[in-house]
1. When every alpha-carbon pair in the range 1-92 is counted, what percent end up more than 19 Å apart?
2. Which ³J(HN,Hα) values in Hz, rounded to whole numbers, follow from the phi angles of the range 29-38 under the Karplus curve 6.51 cos²θ - 1.76 cosθ + 1.60, where θ = phi - 60° and Gly and Pro get x?
3. Could you list the square roots of 5 times each eigenvalue of the Cα gyration tensor of the range 71-131, that is, the equivalent ellipsoid semi-axes, sorted largest first and rounded to whole Å?
4. Taking the Cα centre as origin and putting +1 on Lys and Arg beta-carbons and -1 on Asp and Glu beta-carbons, what dipole magnitude results for the range 118-192, to the nearest 20 debye?
5. Which whole-number value in Å² is the accessible area per residue of the chain, probe 1.4 Å?
6. Charges only on Cβ, +1 for Lys and Arg, -1 for Asp and Glu: so what's the dipole of the chain about the Cα centre, in debye to the nearest 20?
7. Using only alpha carbon pairs under 8 Å that are at least six residues apart, calculate the relative contact order of the chain and give it in whole percent.
8. For the residue pair Asp97 and Glu23, what label-to-label distance in nm results when each label sits 7 Å from Cα along the Cα-to-beta-carbon direction?
Amino acid sequence: MKLILLGPPGAGKGTQAQRLVDERGYVQLSTGEMLRAAVASGSPVGLQVKDVIDRGDLVSNEIICDIIAARIESPDCANGFVLDGFPRNVAQARTLDDLFKEKSIMIDAVIEITVDEGALLSRIEKRAAETGGERSDDNADVLENRLAVYREHTAPVSDYYAKTGALRQVDGMRTIDEVTEQINAILDASIK
Ligand code: AMP
C-alpha cells in the first residue's frame, strides 16, 4: 500500500500514520521527522534547514525531494509506505509523480484529513504540552505562519489530487478512533 496523507498542521497526520504503522505494518515517511533528525544530528542539511523549520517556512524542494527519492529506494519501503508531510506544494507533487513513474510505483490512495482551522491552535498547544516543547515550531506565532504556508502552498496539492480523481477526504474533527475507522474503510476499499 502506497499512501499519501494530506492535511494542515495539527490535523492528526502523524497520529494516524503511526496507527497505520502499528496496525498494518506500513512504513511511515514523515519529512518533518526526517528534517528534525537532520537538525538534531548537526548534519550539513540539518544546519541548512534549522532556521527555515523554526520559522514555519518550507525547506527547498531540492533538499526535500532528494531526501524522499533516497528514502523510497530503501528496501523497507518496497511493501508500502505512508507519506506524511510530503508533498507540500504542487511542484513536489509533480516531482513525486515523475519519481513514481520512473520506479513503476502506483499510488493507492491520497487521503486528506480535513479540520476546522479554529481547532488547530489548541491541538498544537496540546501537542507542545504533551511533548514537553520538543518541537521548536509548535507555538502560536510559528503556527500562524505554518497555516499561511499551508493555505498558499499545500492546499493546492489537494486540488491537484482531486483533479486526478485520487483524493479522498476524512473528517478530522471526529475522534482519533473514528478518523482511523474512516481511513481503514478507504484503504480496505482500495485493496479490494
Ligand atoms: P511537519 O512535522 O510535517 O509539520 O514539518 C515540520 C517542518 O518541516 C515544516 O514546517 C517545514 O519547515 C519542514 N517540512 C516538512 N516537510 C516538508 C516538505 N515536504 N517540504 C518542505 N518543507 C517541509
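The values are calculated or read from the model by the stated rules, or taken from the named source; none is laboratory data. Everything numeric in this text was worked out from a predicted model, so none of it was measured. Backbone-built Cβ (ideal geometry, glycine too); neighbour counts: all protein chains shown. Only protein heavy atoms, including side chains, enter the accessible area calculation; ligands, DNA and RNA are left aside. Shrake-Rupley method; radii C 1.70, N 1.55, O 1.52, S 1.80 Å.
1. So the pairs more than 19 Å apart make up 41 percent of the total in the range 1-92.
2. Per residue, the Karplus-derived 3J(HN,Hα) values read 10, 9, 5, x, 5, 4, 5, 5, 5, 5 Hz.
3. Semi-axes (√(5λ), whole Å): 30, 15, 10.
4. Values: 10 positive and 14 negative charges, 60 e Å.
Here the range 118-192 has a charge dipole of around 280 debye.
5. 51 Å²
6. 340 debye
7. Relative contact order here is 33 percent.
8. Rounded to a tenth, the inter-label distance reads 3.1 nm.
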